[in-house]
Amino acid sequence: MLAWSTVRERWTGFVGSFVALTLGVGVLTTALVVFVSAQPAVPERLAGAAVVVQSPAGGEDAEAYVEYVPWSAARAEELAASLRAIDGVAAAVPDRSFYAQLVRDGRPVGDPPAGDPIGHGWSTAALAPYALVDGAAPAAADEVALDAAYGLAPGATAAVLTAIGPREMRVSGTVDGPGIYVSDASARALAPGVRAIGLVLSPGAAPATVAAAARTVVGAAGAVVAGDARTALEPEAVTRVRWLGTQLLTVMIVLAAFATVFVMASTAALNAYQRRRELALLRAIGATPRQTRRLLLGEALAVGVVSAAAGALLGVLAAPLLGDLLVRAELEPAGFAPRPSLLAVGPAVVTGVLVAVAGAWVAARRAARVRPLEALREAAVDKHVMTRPRWVFGVLFGLAGLALAVGTAADDGDSAMTMAIFSALTLIVGCTLLAPVLIPPALRALTYPLRRSATGEVVRESAGAAIRRTAATAGPILLTVGFATLILGMVKTMSPAFGSEDARALGVDAVVTASGTPGLSDAAVAALPGDVLSGLSTQVFVAGAPVDALGVVPGAVPVRGDAGALTGDTAVVADPRWRAGDTLLLTFADGEAVPLRVAASVEPGTLTTPLLLPRDLVRAHDPSALTMTAYVRGAPPAAMTGDPGVLAQDPAAYAANDDEDALVWLFVLVMVGMSVGYTSIAVANTLVMATGDRRRDFRVLRLSGATNRQILRMVGTETALVVLFGTAFGALVALPALLGIRSSLAELTGSAVRLVLPWPELAVVVAACTGLALGAALLATRRTLHRAQPR
């Protein structure tokens, strides 16, 4: 009861903690609701198949996504015939899917990902099941059935774009589900390889019984899934999209948790220190250290429960907005809708309460040791700020941060950025713990020019005497500037290292990519003027392992390196597992296995893919293979118009408009925005609390002859110095990690990498911190001065 009464009476001192924790739990709830909702789902086109037989898993690619080796057309038909004989199976339908897209007014409709095609054979519609709304099923090679949402009636002419190019087809009918459906004979030509066979069951048939019988029939030739296990059928492209969204959510959760604990611990420590006289009075009237500690933890628990509940409600309301943002940024598949659940909201609420109590734990333990005589103290000079544990942990975190920075420089893999982030985090914690040691000499240096001014001298002594207040204000600014310097510096340093290096090396005049389509069709590439260097992107399996490959015209290789030895029945490799003269047995997208001799082996990284194949061979075995990028010499971008889905740019514009850079900037904006937001809360709360506690100091200055303007000038100068300190050390803690990233990139690319610091962006962040800190300090001081009139 005493803890709750204290919170009610001193609510202004807990506003900052309440807001920080509410927002932290809100962010955590939002991220968890989206994360839990973004789980694999059964593809809609297979939802009506209670049992599905999947082709054998072929291993994992470099990013740990499971790939499946397709059956050949003959093998798929053989398995389907055996499965139809199972009791309870009404139909066994091979799922034939291929790239297809409608073209209207010369522009592609929609933008389907390459790994989640919407073109299907008509039989596949029964697996959803989708039914005809009007007209008839496609039977001839030039007929197509379309989703009724396209608005084309039976008998109309539709331009359908495939990997070969656009084709005029007659609409035979419309269906009540998404997709573009051709005759089964046409589908076999466009998608000969099959990765799934859906089983439509007879009425009353038990899925478990049918699945068991199917496993007996299939044996080692595939896997049988039923019920919730069918989520394994989710297209790999959708899984990749979900993975990207998960990375952003993970960053949000980690940053929110770190910043919330940071703010809560800082606020709790300052609050406990300011209440030392009050706590000393409690000790003087008989309160034990345990009771004092219980009081502070009870206050934190009360604030935590209320804040967690408010944050959870805020997070549930914000989850749909975040889900829509992720869909727009193509970090979640279209149609994704977050759904609140206890599994998401419960952990967020519990975490919020635990963070509140944990943040106050250290402060409560120290405050419980306050002596009763503290109630008689008048001076507010900080003494013994650095305890032994603070020294130990401060030094350990500092050394760990430097060690991680060194590890970043030595790491040339994907973990370099993760190590850099943790290096900066660790150094921030270390500098915050050691702030009482770092602040006095820094303040003496910063205030040296002010030593001859009376106001400057007061600023110098006031900031130096109140180390806790200065450290609590500088800490959040150090966090924000450190994060902003690290994240923005990483992006600015990495973009020149990786952007459009192939285009520059080839000396081309234009780079052509797809716009509104997952890739360029053969017709679009053939229509390009000038000397065109391009390749068909496909995936093959070597000894069951998936390998990305590029189908190129022999003698016209669109990559760096000498690969002129490529001929019609050979391959060029850039993988240390294979050498010239080896024979590789490649399984293509159509399920056919083809032996190829390795004509040449080049250094890894020389080619854009580990494997170069003859273009005609790739087209023959992968009718849906698309060209991702075409490089053009001898023609400007303006000369490449007229084909649907074509975007031509000069190399500089191509690098500036890189989709991956835009995605990285989304990450950057989220992280820096969250960091600045938490700084706003922490700095404003700290300054309001600290300024309110200086009422007696201001009264003494007024009695000494200081005017309100002089006091405001003193507080403004003091705040500016604290911001300068936080900014300087924030940039310093990020510098070792950035240097490590530069060394890692230089090792990875084999060339010198220039460290780029984003001065304009950092200036905006620092200006925001300065304006916020000055505004909060001056407004709080004006309010306090009105209450501190001399009497």
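Any chance you could tell me what percent of the C-alpha pair distances in the range 44-234 go past 26 Å? Don't skip to the answer; put the middle values down first.
Working: 6024 of 18145 pairs.
Roughly 33 percent, once rounded to a whole number.
Karplus-based coupling profile of the range 388-395, in residue order and whole Hz: 4, x, 5, 4, 4, 5, x, 5, with θ = phi - 60° in 6.51 cos²θ - 1.76 cosθ + 1.60 and x standing for Gly or Pro.
Expected output is a single nm value to one decimal: the length gained when fully extending between Arg444 and Leu317, i.e. 0.36 nm times separation in residues minus the C-alpha distance. What is it?
On the way: separation 127, 0.36 × 127 = 45.72 nm, distance 4.85 nm.
Residue separation times 0.36 nm, minus the Cα-Cα distance, leaves 40.9 nm.
Compare the peptides 418-430, 612-624 by average per-residue count of other Cβ atoms within 10 angstrom and give them in order, highest first.
418-430, 612-624
Listed from fewest to most Cβ neighbours within 10 Å, the set Glu761, Glu332, Glu78 follows the order Glu78, Glu761, Glu332.
Can you sort Phe336, Phe393 so the residue with the fewest Cβ neighbours within 10 Å comes first?
Phe393, Phe336
Karplus-based coupling profile of the range 594-599, in residue order and whole Hz: 10, x, 10, 8, 6, 7, with θ = phi - 60° in 6.51 cos²θ - 1.76 cosθ + 1.60 and x standing for Gly or Pro. At an R0 of 22 angstrom, the distance between the Cβ atoms of Ala153 and Arg107 translates into a FRET efficiency of 0.60.
For Thr629, nonlocal amide neighbours, meaning residues 5 or more places apart or on other chains whose placed amide H falls under 5 Å from its own, are Gly535. On the beta carbon distance between Val395 and Ala728, with R0 = 25 Å, the FRET formula returns roughly 0.75. Amide H to amide H distances under 5 Å link Val51 with Leu199, where only residues 5 or more positions off or on other chains count and H is placed in the peptide plane. Between Asp575 and Ala141, the modelled label-to-label distance comes to 3.5 nm, taking each label 7 Å out from Cα in the direction of the beta carbon.
Potential lengthening of the chain between Gln39 and Thr567 amounts to 185.6 nm, from the contour at 0.36 nm per residue minus the alpha-carbon distance. In this rough spin-label picture, where each label sits 7 Å from Cα along the Cβ direction, the Thr583-Ala212 distance is 4.5 nm. Using a simple spin-label model with pseudo-atoms 7 Å out from Cα toward Cβ, Leu755 and Ala189 lie 6.1 nm apart.
Using θ = phi - 60° in the Karplus curve 6.51 cos²θ - 1.76 cosθ + 1.60, the 3J(HN,Hα) couplings for the range 398-409 round to x, 5, 5, x, 5, 5, 5, 5, 5, x, 4, 5 Hz; x is entered for Gly and Pro. Relative protection proxy for 20-30, 152-162, 298-308, from highest mean packing down: 20-30, 298-308, 152-162 (other beta-carbon atoms within 10 angstrom).
Taking amide H atoms as placed 1.01 Å from N in the peptide plane, the amide H of Val175 lies under 5 Å from those of Val133, Leu146, Asp147, Ala148, each 5 or more residues away in sequence or on another chain. Each of the peptides 529-540, 116-127 was scored by the mean count of other Cβ atoms within 10 Å over its residues; in descending order, highest first, they stand as 116-127, 529-540.
As a rough footprinting exposure proxy, the listed residues Met490, Met628, Met714 were ranked by other beta carbons within 10 Å of their own, and the order from fewest upward is Met628, Met714, Met490. On the beta carbon distance between Ala81 and Trp243, with R0 = 30 Å, the FRET formula returns roughly 0.20.
Local charge sum around Val52 (other residues, Cβ-Cβ under 15 Å, Lys/Arg +1, Asp/Glu -1)? Summing Lys and Arg as +1 and Asp and Glu as -1 gives +2.
Quick note: the coordinates plus some simple rules give every number you see, no bench work behind them. Note that this is a predicted model, so its numbers are computed, not measured. Counting neighbours? That spans all protein chains shown, and the Cβs are built from the backbone with ideal geometry, glycine included.
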